[in-house]
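The values are calculated or read from the model by the stated rules, or taken from the named source; none is laboratory data. Computed from a predicted model, the values in this text were never measured in an experiment. Here the Cβ positions follow ideal geometry from the backbone for every residue, glycine too, while neighbour counts run over all protein chains shown.
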Amino acid sequence: MSARRPTIGITTYGPAAAPDGELLHFSLPAHYVDAVVAAGGVPVLLGASALPAEETLAILDGLIIAGGGDIAPETYGGSGHETIYLVNPARDRFELALARAALERPELPLLGICRGMQVMNIALGGDLTAHVPDVFGDGVAHRLPPRVPTTHRVRIERSGILGEIFADDELPVCSWHHQAVRRLGRGLRAAAHAADGVVEAVVLDARPFALGLQWHPEMQAAEDPRQLRVFQVLVERARVRRRA
């Protein structure tokens, strides 16, 4: 009998009203699930709930905190901005609790994508830039209007986990955000930047795998082996943890 595949939890959007406006639902773009399956893991979708974070993590071998709408500014001492959208307090509470509990488990592989990287940063005491163009200008488009993904290049530092994942010093990434990490949280190191200086990746070097990416590797993983490698290394580390 072959060994069981590692279970990789993925947080979801919501709770939000369904299209018919009657029932609350959770949702997630299929790219996340496809990337985890392609990497050899079993995706487990996590809807925001009152279940203690420790109980949720107990069934998982790895965790992805997914992208989505903006985090409420009051969670990090920020100010409101007219561009902030899709704030969901229930999701904020759930993901911040999950991130903090995960960060107390050094052996648990943790990947934050876009919003998920920002959640990791806030969980460690950092904060955010409310609207990237206000601070960094329009030299690099991090999304297209009104809220459409685009592509730009990032420069990657070769040390640490990113050096293991990526052989390239620079590569094109799928970008879909208007907020970004400002002050880094405790222990985090900026490990990739866009040409305008926006932080595009953070790592916790003291952990085997704790990585935040501001871009969306799941949206490129089917066509770009470099982006699929993010999920493969996550699943590999989760498999090692499971065996231990």
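Being touching a Ser or Thr at 6+ places or on another chain (Cβ under 9 Å) and touching a residue at least 24 places away in the same chain (Cβ under 8 Å) is the requirement here; does GLU200 meet it? Give the derivation first.
Numbers: touching a Ser or Thr at 6+ places or on another chain (Cβ under 9 Å): yes; touching a residue at least 24 places away in the same chain (Cβ under 8 Å): yes.
Here the answer is yes, as GLU200 does meet what is asked.
Do you know which of the residues in segment 154-182 that are farther than 23 Å from ASP134 by Cα and hydrophobic (A, V, I, L, M, F, W, C) is surrounded by the fewest Cβ atoms within 10 Å (Cβ to Cβ)? Walk me through it before giving the result.
Start the filter on segment 154-182 by keeping residues that are farther than 23 Å from ASP134 by Cα, which leaves 156-172.
Of the ones still in play, those that are also hydrophobic (A, V, I, L, M, F, W, C) are 156, 161-162, 165-167, 171.
On the way: ILE156: 21, ILE161: 22, LEU162: 19, ILE165: 21, PHE166: 21, ALA167: 11, LEU171: 17.
Among residues in segment 154-182 that are farther than 23 Å from ASP134 by Cα and hydrophobic (A, V, I, L, M, F, W, C), the one surrounded by the fewest Cβ atoms within 10 Å (Cβ to Cβ) is ALA167.
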Meets criteria (under 18 Å from the mean Cα position of the chain (by Cα), modelled with pLDDT under 95, part of a loop (DSSP other than H, G, I, E, B) and surrounded by fewer than 21 Cβ atoms within 10 Å (Cβ to Cβ)) for PRO146:
no
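Output the number of residues of segment 1-27 satisfying the condition of being assigned to a loop (DSSP other than H, G, I, E, B) and either of a type in the set (Val, Ile, Thr) or under 26 Å from GLY212 (Cα atoms) (or both).
Initially, segment 1-27 is screened for residues assigned to a loop (DSSP other than H, G, I, E, B), giving 1-6, 12, 18-23.
Adding the requirement that they be either of a type in the set (Val, Ile, Thr) or under 26 Å from GLY212 (Cα atoms) (or both) leaves 5-6, 12.
Number satisfying all stated conditions: 3.
PRO6 - would you say it is of a type outside the set (Ser, Thr, Tyr) and touching a residue at least 40 places away in the same chain (Cβ under 8 Å)? First the steps, then the outcome.
Working: of a type outside the set (Ser, Thr, Tyr): yes; touching a residue at least 40 places away in the same chain (Cβ under 8 Å): yes.
Taking the combined requirement at face value, the residue satisfies it.
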Tell me whether segment 179-200 contains one or more residues that are within 15 Å of the chain's Cα centre (by Cα), at pLDDT 95 or above, part of a loop (DSSP other than H, G, I, E, B) and closer than 16 Å to ALA35 by Cβ.
no
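Across segment 225-244, which residue is nearest to ASP169 (Cα to Cα) among those that are surrounded by 22 or more Cβ atoms within 10 Å (Cβ to Cβ) and more than 13 Å from the chain's Cα centre (by Cα)? Full working, then the answer.
Going residue by residue through segment 225-244, those that are surrounded by 22 or more Cβ atoms within 10 Å (Cβ to Cβ) are 227, 230-231, 234-235, 237-238.
Then drop every residue that is not more than 13 Å from the chain's Cα centre (by Cα), which leaves 227, 235, 237-238.
Details: GLN227: 14, VAL235: 23, ARG237: 23, ALA238: 26 Å.
Step by step, filter segment 225-244, then rank; the result is GLN227.
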Determine which member of the set ARG158, ARG153 is assigned to a loop (DSSP other than H, G, I, E, B), closer than 27 Å to VAL233 by Cα and basic (Lys, Arg).
ARG158
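Can you tell me which residues in segment 28-48 are in a strand (DSSP E or B) and among the hydrophobic types (A, V, I, L, M, F, W, C)? Give the steps one after another, and end with the answer.
Start the filter on segment 28-48 by keeping residues that are in a strand (DSSP E or B), which leaves 42-46.
Correct list: VAL42, VAL44, LEU45, LEU46.
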Residues that are surrounded by fewer than 20 Cβ atoms within 10 Å (Cβ to Cβ) and among the charged types (D, E, K, R), drawn from segment 114-134
ASP127, ASP134
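Here is a yes/no grid of residues against (1) free of Cβ contacts under 8 Å to residues at least 12 places away in the same chain; (2) surrounded by 18 or more Cβ atoms within 10 Å (Cβ to Cβ); (3) part of a helix (DSSP H, G or I):
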residue: ALA50; (1), (2), (3): yes, no, no
residue: GLU54; (1), (2), (3): no, no, yes
residue: HIS81; (1), (2), (3): no, no, no
residue: LEU98; (1), (2), (3): no, yes, yes
residue: PRO106; (1), (2), (3): no, no, no
A careful count of residues in segment 212-244 that are out of contact with any Gly (no Cβ under 8 Å at 6 or more places or on another chain), assigned to a loop (DSSP other than H, G, I, E, B) and not charged (D, E, K, R) gives 6
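Residue under question is GLY126, and the condition is that it be under 24 Å from GLU82 (Cα atoms), outside any helix (DSSP H, G or I), out of contact with any Leu (no Cβ under 7 Å at 6 or more places or on another chain) and of a type outside the set (A, V, I, L, M, F, W, C); does it hold? Give the derivation first.
Values: under 24 Å from GLU82 (Cα atoms): yes; outside any helix (DSSP H, G or I): yes; out of contact with any Leu (no Cβ under 7 Å at 6 or more places or on another chain): no; of a type outside the set (A, V, I, L, M, F, W, C): yes.
Considered against the rule, which asks whether it is under 24 Å from GLU82 (Cα atoms), outside any helix (DSSP H, G or I), out of contact with any Leu (no Cβ under 7 Å at 6 or more places or on another chain) and of a type outside the set (A, V, I, L, M, F, W, C), GLY126 comes out as no.
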Only one residue in ALA192, ALA206, ALA222, ALA141 is surrounded by fewer than 21 Cβ atoms within 10 Å (Cβ to Cβ), without any contact (Cβ under 8 Å) to a residue 60 or more places away in the chain and among the hydrophobic types (A, V, I, L, M, F, W, C). Which one?
ALA141
Which condition does ALA66 not pass, out of (1) closer than 15 Å to LEU234 by Cβ; (2) in contact (Cβ under 8 Å) with a residue 60 or more places away in the chain; (3) buried (at least 18 other Cβ atoms within 10 Å of the Cβ); (4) under 18 Å from the mean Cα position of the chain (by Cα), if it passes all the others?
(2)
